[in-house]
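Chemist: Here it is: the structure, laid out below.
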There are 2 protein chains.
Amino acid sequence: MSAPALTKNQALVFDVLEKADGPLSAYTILDKLRDHGFRAPLQVYRALEKLLEYGVVHRLESINSFVACAHPGENCHSHGIVAFAICESCGQVMEFHDHEVDHRLMDWTKAKKFKAEKTTIEIRGQCEACAA
Amino acid sequence: MSAPALTKNQALVFDVLEKADGPLSAYTILDKLRDHGFRAPLQVYRALEKLLEYGVVHRLESINSFVACAHPGENCHSHGIVAFAICESCGQVMEFHDHEVDHRLMDWTKAKKFKAEKTTIEIRGQCEACAA
DNA sequence: ATCGCACACGTTATAGCATAACGCAATTGA
DNA sequence: TCAATTGCGTTATGCTATAACGTGTGCGAT
């Protein structure tokens, strides 16, 4: 599941996400890529689908947006569950990992024999700067 | 923040969610209430907004759906962070609470001086019955 | 009592997010 | 060479959510 070479569209989308200073919606990405020939949402969604699969991009479910993984170069899938703190004022996102949280959730799923595929942890609120 | 008496629309929406055996989208709720005079999405969304505020309904961010709280009568807001396991085959949702997970996340937010408002934990996968 | 306010409600319109279905081109491996 | 796979482009559509307007009702303060 490590990332193969990106296709042109995938590279364009990834580049936009990496240069952005916060999460972007698919349609925002589309707008930023119109100059590069993008015309339709599917061009973005298809690229995102692969980038998510490769683990180099994360989807923020609670705000329907996407961010580049905070671990450039590494495969983020190997870090365990990813958690996000999303500032609702400035839009900044902090990505972190807590193995103890992972263990607790794994314990629960094991006990219930639930086969976890994808886990979402998102904390919305105010970052230090914005809460002042 | 305890729940006052529900209005007619709120009661109708809550009733639909309680009787459902899984999460429902706002539009599914709308369809189920057309016989009761519902015509527009806003009638559902406005009711949901209040029900979420009262803590008697939860929103599942990862599937854009809503479920009645698993603790009838109690104010779910007092149970700490709520976590969900969502079976992608049968649609069943299990709601649970883990104070250790809460503590770990709280520790992180404290350390980062992040003011958490709302935390989402959702595990998607296969329930025991469907994984067989 | 009546004025002002808060709140629930109804309606229309629109904005924002995501995918279905078709066809074409390039690549790869049997 | 043929078939399978993958990426791509386009059009159309469906699903999710909210903006903006107006109505009516209850209720407390003056």
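The values are calculated or read from the model by the stated rules, or taken from the named source; none is laboratory data. Predicted model only: the values in this text are computed from it and were never measured. No Cβ is skipped: glycine too gets one built from the backbone with ideal geometry, and neighbour counts run over all protein chains shown. Accessible surface areas use protein heavy atoms only, side chains included; no ligands, DNA or RNA. Shrake-Rupley method; radii C 1.70, N 1.55, O 1.52, S 1.80 Å.
Chemist: Provide the per residue accessible area, probe 1.4 Å, for chain A, rounded to a whole number of square angstrom.
Modeler: On a per-residue basis, 53 Å².
Chemist: Quick one: work out the % antiparallel among DSSP beta bridges in chain B, nearest 5.
Modeler: Of all bridge pairs located within chain B, approximately 65 percent are antiparallel.
Chemist: With axes computed from alpha carbons, what is the tilt in degrees of helix B:8-19 against the longest principal axis of chain B, rounded to the nearest 10 within 0 to 90?
Modeler: For helix B:8-19, the angle is close to 70 degrees.
Chemist: If the limit is 28 Å between Cα atoms, which of A:19/A:118; A:115/B:118; B:50/B:115; A:115/B:50; A:32/B:113 go over it?
Modeler: Exceeds cut-off: A:115/B:50; A:32/B:113.
Chemist: Report, in debye and to the nearest 20, how large the dipole of region A:8-127 comes out about its Cα centre when Lys and Arg carry +1 and Asp and Glu carry -1 on their Cβ.
Modeler: Roughly 500 debye for region A:8-127.
Chemist: While we're here: Volume per residue, Å³, of the convex hull around the alpha-carbon atoms of the protein assembly as shown?
Modeler: It comes to 156 Å³ per residue, whole-number rounded.
Chemist: Let me ask you something else. At 7 angstrom along the Cα-to-beta-carbon line, where would the label on residue B:89 sit relative to the other copies? Give the distances in nm, shortest first.
Modeler: Output for residue B:89: 4.7 nm, nearest copy listed first.
Chemist: For the protein assembly as shown, which whole-number percentage of the solvent-accessible area (1.4 Å probe, protein heavy atoms only) is attributable to carbon and sulfur atoms?
Modeler: 51 percent
Chemist: Which percentage, to the nearest 5, of the DSSP beta bridges contained in the protein assembly as shown is antiparallel?
Modeler: Here the antiparallel bridges make up roughly 75 percent for the protein assembly as shown.
Chemist: Go ahead and estimate [θ] at 222 nm for chain B from helices alone: -39,500 (n - 2.57) per DSSP H run with n ≥ 4, summed, over the residue count, rounded to 500.
Modeler: -11500 deg cm²/dmol
Chemist: Moving to a separate point now. Could you report the accessible area of residue A:27 in Å², rounded to 10, computed with a 1.4 Å probe on the protein chains as they sit in the structure?
Modeler: Here the residue's solvent-accessible area equals roughly 130 Å².
Chemist: What's the angle, to the nearest 10 degrees (0 to 90), between helix A:99-112's Cα axis and the longest principal axis of chain A?
Modeler: 70 degrees
Chemist: Now a separate question. Where the label is 7 Å out from Cα toward Cβ, how close does residue A:107 come to the same position in every other copy, in nm, shortest first?
Modeler: 1.3
Chemist: Grab the other residues whose beta carbon is less than 10 angstrom from that of residue B:52, score K and R as +1, D and E as -1, and report the net.
Modeler: +1
Chemist: Cα-Cα pairs above 23 Å in region B:8-131: how many percent?
Modeler: Above the 23 Å cut-off, region B:8-131 has 37 percent of its Cα pairs.
Chemist: Same structure again: Can you give the relative contact order of chain B as a percent, counting alpha carbon pairs under 8 Å and 6+ residues apart?
Modeler: The normalised contact order for chain B reaches 22 percent.
Chemist: Rounded to the nearest 100 Å², what is the sum over both chains of accessible area buried where A meets B, with a probe of 1.4 Å?
Modeler: When A and B are taken together, about 3100 Å² of accessible area is lost.
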